[in-house]
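Where a number appears in this text, it was derived from the coordinates with a stated rule and is not lab data. For clarity, every value in this text was computed on a predicted model and none was experimentally measured. Every residue, glycine among them, receives a Cβ derived from its backbone with ideal geometry; neighbour counts consider all protein chains shown.
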Amino acid sequence: MNRIRTAFCPQHPNGVAISVRGLSVEYPGGRRALENITLEICRGELTVLLGRSGAGKSTLLRCLNLLQQPTAGTIRVDGFGDITSRNRLRDYRRQAGMVFQLHHLIGRQSALQNVLMGRLAYHSTLRSVLPLPAADVAIAMECLERVGLADKALSRVDRLSGGERQRVGIARALAQRPRILFADEPVASLDPATAESIMELLRRIAREDHLTVVFSLHQIDLACRYGERVIGLAHGRLVFDGRHRHLSRGHLEQIYNEAACEQGLEAALSP
Amino acid sequence: MNAGISGGEGAAAVSGLDSLNAVLVARKRQLRRGALQTAFVLFLVVASLGHADFFNPQRYAEGAHGIFQIIVREGLPPDFSRWASWGRPLLDTLAMSIGGTALSVLFSFLLAFLAAGNTSPHPVVYAAARLFLNVMRAIPELILGILFLAAVGLGILPGVLALGFHSIGMVGKFFAEAIEHVDPAPVEAVRACGGSPLQVLWHGVLPQVFPQMADVSFYRWEYNFRASTVMGMVGCGGIGFQLISSLNLMDYRQVTALLLLILLCVTVVDALSAGIRRRFK
């Protein structure tokens with residue numbers, strides 16, 4: 001049996017950002033996406049959720065951002081406690097940016113308009129019907145500049161390349177001025193070189209802004225190179241939780257099937 | 001045949017043949033079904049036309065003469081002598097079509113979010129909104145015009161109300177369908193940034209459906225301009241009222257002139273709205 005490493009954070013100097021206890025998610029129709037997950041996300045650390053597609057990575061991420069209602073279990077966020085009221089939920093989501101696999105942008109709007117979406121939660125519903133103030137435009141432009149797309153601010157998003165769109169998605173998350181950054185398979189639909197540059201960008205931003213980061217990935221090599229901590233999921237269950245150097249062949253066999261593991265191990269475990 | 005085929009490959013070829021046969025059988029069934037459907041539609045068309053006495057040549061022989069008499073003998077050349085008194089009714093008709101369309105777009109916009117499955121707050125609200133749209137579509141605008149004429153009196157106001165309410169039926173349905181077809185991804189993104197439910201609608205749904213909404217609205221304006229000439233015939237004023245007056249007086253040369261004028265206006269409105277719709281793509 002592979003020992004599941006837990007209770008990872010108490011030794012961590014910065015403390016716990018999100019604490020998950022006994023989390024289960026069952027979809028209508030009886031499919032169990034997550035089963036009894038207990039873990040803690042440490043503040044200021046880059047955590048990677050590793051698993052095959054369908055392992056429950058996206059569901060777990062959506063639970064962490066409270067986009068998905070768990071069937072059982074609790075999620076407590078540092079500084080927010082149990083999030084019960086709608087206003088607390090808004091406050092929490094405002095400081096938790098999310099980057100999606102397929103960027104989730106509005107194609108016919110400009111990059112700037114899409115990034116400004118990240119500023120919405122800072123305004124009342126009534127105020128946000130009107131164009132947002134210049135201060136927000138300044139923040140949005142600063143975020144576009146950080147991802148290297150200031151010159152494309154006024155271009156329609158559907159005219160941008162895949163990598164550029166993902167950069168706009170990152171800029172939108174940054175415009176929220178987040179303390180936590182979630183990314184659901186941020187590079188799964190990009191070519192390897194672009195994927196590398198996006199991962200690099202995300203890590204640089206995470207370090208500069210001291211963000212707590214949770215990524216979901218299915219590539220072992222990216223997970224090992226970018227994740228300070230790796231959480232392995234298979235069939236909705238936690239099978240590994242620890243530093244990537246503690247990932248053994250047995251763990252990988254659990255996370256992936258045998259064949260994928262053979263190729264992945266060489267890449268991941270070679271220095 | 002390839003003589004060098006090995007045992008394993010032979011088995012694969014046989015199973016490939018099996019799947020080819022299966023596809024061919026399925027295709028044959030599909031073609032037969034298509035032929036049956038076409039035959040049924042054809043039967044429906046021919047039966048309907050027969051029911052309407054469409055295939056009776058005698059009726060055309062008599063009718064052609066009457067039509068020729070009215071159009072050529074009595075309708076030509078068009079008589080534009082009263083042109084100066086047509087300007088005001090024409091403006092009335094234009095105002096009626098714009099007012100009616102604006103009214104329907106405003107109400108449809110609010111109703112559409114209730115009548116779209118993905119944004120409606122409750123199934124009962126959804127069903128009620130859909131029912132209202134169906135009722136509005138089912139009552140012809142002429143009937144609505146007569147009702148409003150009795151309610152609010154003469155003038156173009158009953159026309160505006162009739163066109164407005166009847167249009168909600170179609171405009172609201174199209175708006176709701178546009179909302180149902182939005183890409184859910186950006187909508188979820190607004191929720192994930194902490195947007196309130198109304199911000200999700202305004203900034204996640206609306207930007208996606210705006211082009212379709214503008215398109216439907218301008219198309220409906222075209223339609224309402226044509227409809228508003230008919231509205232004049234039941235007493236709602238405008239150019240249609242002039243048309244029905246000339247028809248009643250059997251002044252067919254003036255009728256021809258008015259029809260030409262309406263044709264010109266419809267063409268201008270069509271071109272204008274097509275031009276505007278193109279810009280919203």
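So the values come out like this:
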| item | result |
| --- | --- |
| Per-residue mean of C-beta atoms belonging to partner chains within 10 Å, peptide A:114-127 | 4 |
| Theoretical FRET efficiency, 1/(1+(r/R0)^6), r = Cβ-Cβ of B:F109 and A:R156, R0 25 Å, to 0.05 | 0.55 |
| Radius of gyration and maximum dimension Dmax of the protein assembly as shown, Cα, Å | 33.0, 103 |
| Anisotropy class of segment B:30-164 from Cα gyration tensor, a/c 1.5 cut | oblate |
| Protection-proxy order for peptides B:37-45, A:127-135, each taking the mean of Cβ atoms within 10 Å per residue, highest first | A:127-135, B:37-45 |
| 0 to 90° range, to nearest 10: angle between helix A:134-146 axis and chain A longest Cα axis | 50 |
| Two-site FRET efficiency, B:A95 against A:S19, from Cβ-Cβ distance with R₀ of 60 Å, rounded to 0.05 | 0.40 |
| Rough spin-label spacing in nm, given labels placed 7 Å along Cα→Cβ, for A:R32 and B:A61 | 8.5 |
| Radius ratio Rg over Rh of segment A:10-100, counting only Cα atoms, Kirkwood formula for Rh | 0.95 |
| Partner aspartates and glutamates for A:K57 [C-alpha distance under 16 Å; skip if fewer than 8 residues away on the same chain] | A:E26, A:E35, A:E40, A:D184, A:E185, A:D241 |
| Other-chain or far-sequence residues with amide H under 5 Å of A:T38's (modelled H) | A:G22, A:L23 |
| Alpha carbon convex hull of chain B, projected area averaged over orientations, nm² | 27.8 |
| Degrees separating the helix A:258-269 axis from the principal Cα axis of chain A, which is the longest one | 70 |
| Cα gyration tensor category, rounded, prolate or oblate, for segment A:54-171 with a/c compared to 1.5 | oblate |
| With Cα atoms, 0 to 90° folded angle of helix B:141-152 axis to chain B main axis | 50 |
| Rough spin-label spacing in nm, given labels placed 7 Å along Cα→Cβ, for B:F54 and A:S248 | 8.1 |
| Convex hull volume per residue for chain A, taking Cα atoms only, in Å³ | 145 |
| Partners for B:K173 among aspartates and glutamates (Cα-Cα distance below 19 Å; same-chain residues under 8 apart left out) | B:E141, B:D183, B:D215, B:E222 |
